[in-house]
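Worksheet for the structure shown next.
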Amino acid sequence: MKRIGLLCLIAALTAAHSPAQTAAGKRVLVYTRQTTTPTSSYIHDNTPSSVEAIRKMGAQNGFAVDASEDPNVFTAANLKRYSVLIFSSTHNEAFQTDAQREAFQNYIQGGGGFVGLHAATTTERQWPFFVSTIGGKFVRHPTLQKFVVTVKDAAHPSTRGLPASFEWEDECYFHDSLNPDLHPLLVTDPSKLDDPDRGKFASSLIEGKVPLAWTITTGGRRVFYTALGHKMETYSNPLLAGHILGGVLWAMGAAK
């Protein structure tokens, strides 16, 4: 029965995220730079798995995928090549120069698509423009555990075909400085978490729930973020892969 259920889920996600002709010929950049500081030294091991998964998505849906951890890719001329920038578990300083930050900011303000995966909200937490763009800045998570994810908006391409609620093992990210314009897609109930610090971060909640995935469309932006994806093996899970693919296609304007 479990195998039948998984096959049904794969079929549903495939149908929900079937290739759109408007994705053909487009290109995305997966950016994976992680740096350490004395107070923030954790390095995620999931980025190679995320890059591999997105390359597979590109091959199946007609868009090209480049990957880099070199901040020198952030020039106006280079960013023009990309329909979407994907920050996959980037950490701390994503950029080395103000010119690189300016290129990123101009890209976003010019209508370029942006996708953040998991630890991307631990990036550039001192730069208000980046925090506002991605939707918030990471402040903490309880211990890795299983929790129930609830679909808040089932109409978005990243959530179509997902169960209305499902159990998921991950780091449940809490964020501060949430963009008031973010639109939640996935949420979880903080009262159900094994969390000794429960109740201390009310500013991380929206209508009493922890937002786990969202979009931001104000100012002509197409920003998609999901906090799911700490474990490297989950990027081969059709549930997470379909969720990310829907977000990428939406960010490039290939899915509505």
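Using per-residue counts of other Cβ atoms within 10 Å, averaged over each peptide, order 229-235, 22-28, 86-92, 37-43 from highest down. Intermediate values should be presented prior to the final figure.
Working: 229-235: 19.0, 22-28: 17.1, 86-92: 25.4, 37-43: 9.1.
Descending mean neighbour count gives 86-92, 229-235, 22-28, 37-43.
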Checklist entry - Under a no-solvent Debye model with one identical scatterer per Cα of the chain, what's log10 I(q)/I(0) at q = 0.08, 0.10, 0.16 Å⁻¹? => result -0.28, -0.44, -1.22
Checklist entry - In what sequence, highest mean first, do 111-118, 249-256, 140-147, 122-129 appear when ranked by Cβ atoms within 10 angstrom? => result 111-118, 249-256, 122-129, 140-147
Checklist entry - Roughly how compact is region 54-147, stated as its Cα Rg over 2.2 N^0.38 Å to two decimals? => result 1.15
Checklist outcome for this item: Any trypsin sites (Lys or Arg not before Pro) in region 168-210 that lie in a DSSP loop and have at most 12 other Cβ atoms within 10 Å would be Arg198, Lys200
Item to check | Gain upon complete extension [Ser68, Arg81; 0.36 nm per residue less C-alpha separation] | outcome: 3.3 nm
Checklist entry - Pulled fully out, how much extra length does the chain show between Glu167 and Thr37, if you take 0.36 nm times their separation in residues and subtract their Cα-Cα distance? => result 43.5 nm
Item to check | Nonlocal Lys pairs with alpha-carbon distance under 20 Å, the chain (8 or more apart, or different chains) | outcome: 16
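No lab work stands behind these numbers, since they all come straight from the coordinates. Bear in mind that the values here come from a model prediction, so they are computed numbers and not experimental data. Using ideal geometry, Cβ is built from the backbone for each residue, glycine included, and neighbour counts are taken over all protein chains shown.
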